Amino acid sequence: MKQLTIAFLFLTFFMISPIFSQKIGILKYSGGGDWYANPTAIPNLIQFCNKNSGTKIDAKPEAVEVGSSSIFQYPFLHMTGHGNVVFSKKEAENLKTYLFSGGFLHIDDNYGMEPYLRKELIKAFPNNELVEIGANHPIFSQKYKFPKGLPKIHEHDGKRPQALGIFHENRLVLLFTYECDLGDGWEDVSVHNDPEEVRLKALQMGANIIEYAFKN
């Protein structure tokens, strides 16, 4: 009953309140991983979206814990890091309820997160497989077109970039970008010294993700 109440409140806020529909949360998790990595990434992405995609997202994202009911205030959550991730049973259930009630989570592996993340996602979604998303998915054809799918921003192990997702009732509720370093491309130019075309490509893909999440 508690989960149903939270879900109802989330849906109500999401549908009728412009305040709640214009926030982005950064997911804070346990396990020792650096959930706070890439501090300039999301603010820069928000600025890019507000300038180029007509959004009116609050300029400053807010950190929110996985197990908190506060996550229901955000239609879009972002998660990143390099290392270990741990969800308690309560946190896993809270995240599942949030996503199945209309929320969206983008997880960007900042290199080294993937093996830990996979086992924690099983806790939250034992019946929902993490599957690869094809280049024909609408997330790659919002305002900006990516006919080949997820772009490669930084190289590590010579592996191709992968967009992986969890679906619920035919809706993509969780996007995991792997072997891509998308968030690095959103950071201040001085952080990685990426060429402008690489950084622009990362920001455009990020804008597509936000556009898709806000529409679906």
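Here are a few things to note about the model shown:
- Hey, PHE167 part of a strand (DSSP E or B) and either in contact with a Cys (Cβ under 8 Å, 6 or more places away or on another chain) or surrounded by fewer than 16 Cβ atoms within 10 Å (Cβ to Cβ) (or both) or not: yes
- Among the residues of segment 47-63, at least one is of a type outside the set (Phe, Trp, Tyr), at pLDDT 95 or above, open to solvent by less than 40 Å² (accessible area, probe 1.4 Å) and touching a Gly at 6+ places or on another chain (Cβ under 8 Å).
Every residue, every condition in (1) over 17 Å from ARG118 (Cα atoms); (2) touching a helix residue (DSSP H, G or I) at 6+ places or on another chain (Cβ under 8 Å), yes or no:
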residue	(1), (2)
LEU164	no, no
PHE167	no, no
TYR178	no, yes
LEU182	yes, yes
LYS201	yes, yes
MET205	yes, yes
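- For segment 141-194, the set of residues classified as charged (D, E, K, R), closer than 20 Å to VAL131 by Cβ and touching a His at 6+ places or on another chain (Cβ under 8 Å) consists of GLU179 only.
- Within segment 110-125, not a single residue is of a type in the set (Asp, Glu), touching a His at 6+ places or on another chain (Cβ under 9 Å) and in contact (Cβ under 8 Å) with a residue 60 or more places away in the chain.
- Subset tally (residues that are of a type in the set (Gly, Ala, Ser) and surrounded by 21 or more Cβ atoms within 10 Å (Cβ to Cβ)) for segment 24-46: 3
- Within segment 85-115, tally of residues that are modelled with pLDDT under 95 and more than 24 Å from ASN208 (Cβ to Cβ): 2
The values are calculated or read from the model by the stated rules, or taken from the named source; none is laboratory data. Since we're looking at a predicted model, the values are computed, not measured. So basically every Cβ, Gly included, is an ideal-geometry build from the backbone, and we count neighbours across all protein chains shown. With ligands, DNA and RNA removed, areas are computed over all heavy atoms of the protein, side chains included. Shrake-Rupley method; radii C 1.70, N 1.55, O 1.52, S 1.80 Å.
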